[in-house]
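Beneath this line is the structure, given in structure tokens, with notes to follow.
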Amino acid sequence: MRGGRRVITSKRFFPGYILVEMQMSDQAWHVVKNTPKVTGFVGAGSKPTPLTHEEVDQILHQVTVAAEQPKPRYTFDKGDQVRINEGPFSSFNGVVDEVNVDRNTLKVMVTIFGRSTPVELNFLQVEKV
């Protein structure tokens with residue numbers, strides 16, 4: 001949430017790194033090495049260490065799985081105290097009764113007129129107290 005609006009951001013798996021598929025030659029080495037803002041290569045020594053196909057497949061699999069089902073930034077557990085910040089029950093406090101991570105929803109028990117009432121809310125509608 002930024003400025004009261006829901007903002008979706010992408011997660012960077014290897015910030016500052018670029019994966020390059022190339023045939024290593026002296027000319028390719030100098031092109032990459034002389035690219036502005038490239039400080040060096042990963043690996044021991046002066047020459048870069050190539051990744052194996054298994055390592056590349058693992059990185060690509062990790063990126064595709066995370067893109068298909070992003071993890072919520074917020075984690076809630078049963079019994080957590082929360083404050084509702086959006087909707088008809090805004091500024092009410094409650095206790096988390098159920099957490100549905102697949103749908104990013106919570107069932108919160110809110111006390112209204114002395115009675116505990118279950119309210120289903122989105123993760124973005126509440127904040128931990």
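Just a few scattered comments:
- For the chain, carbon and sulfur atoms together expose 52% of the accessible surface, with a 1.4 angstrom probe and every protein chain in place.
- For the chain: relative contact order, % (alpha-carbon pairs under 8 angstrom, 6 or more apart): 15 percent
- Residue range of the chain that is longest and free of trypsin sites (Lys or Arg not before Pro) which are both DSSP loop and sparsely packed (at most 10 other C-beta within 10 Å): 38-72
- Helix 53-68 and the long axis of the chain differ in direction by around 30°, with both axes built from C-alpha atoms.
- Equivalent ellipsoid semi-axes - Cα gyration tensor, the chain, angstrom: 50, 15, 11
- Using the Karplus relation 6.51 cos²θ - 1.76 cosθ + 1.60 with θ = phi - 60°, the per-residue 3J(HN,Hα) values for region 86-97 come to 8, x, x, 9, 4, 6, 8, 9, x, 10, 5, 9 Hz, with x marking Gly and Pro.
- Most mobile of 116, 90, 25 in a GNM of the chain (Cα contacts under 10 Å): 25
- Efficiency of FRET from Cβ geometry, residue 35 and residue 60, R₀ 25 Å, rounded to 0.05: 0.60
- Using a simple spin-label model with pseudo-atoms 7 Å out from Cα toward Cβ, residue 113 and residue 8 lie 4.0 nm apart.
- Counted charge near residue 109, where neighbours are those whose Cβ lies closer than 12 Å (Asp, Glu -1; Lys, Arg +1): -1
The values are calculated or read from the model by the stated rules, or taken from the named source; none is laboratory data. If you're wondering where the values come from, they're calculated on a predicted model, not measured in any experiment. No Cβ is skipped: glycine too gets one built from the backbone with ideal geometry, and neighbour counts run over all protein chains shown. SASA here: full protein model, heavy atoms, side chains in, ligands and nucleic acids out. Shrake-Rupley method; radii C 1.70, N 1.55, O 1.52, S 1.80 Å.
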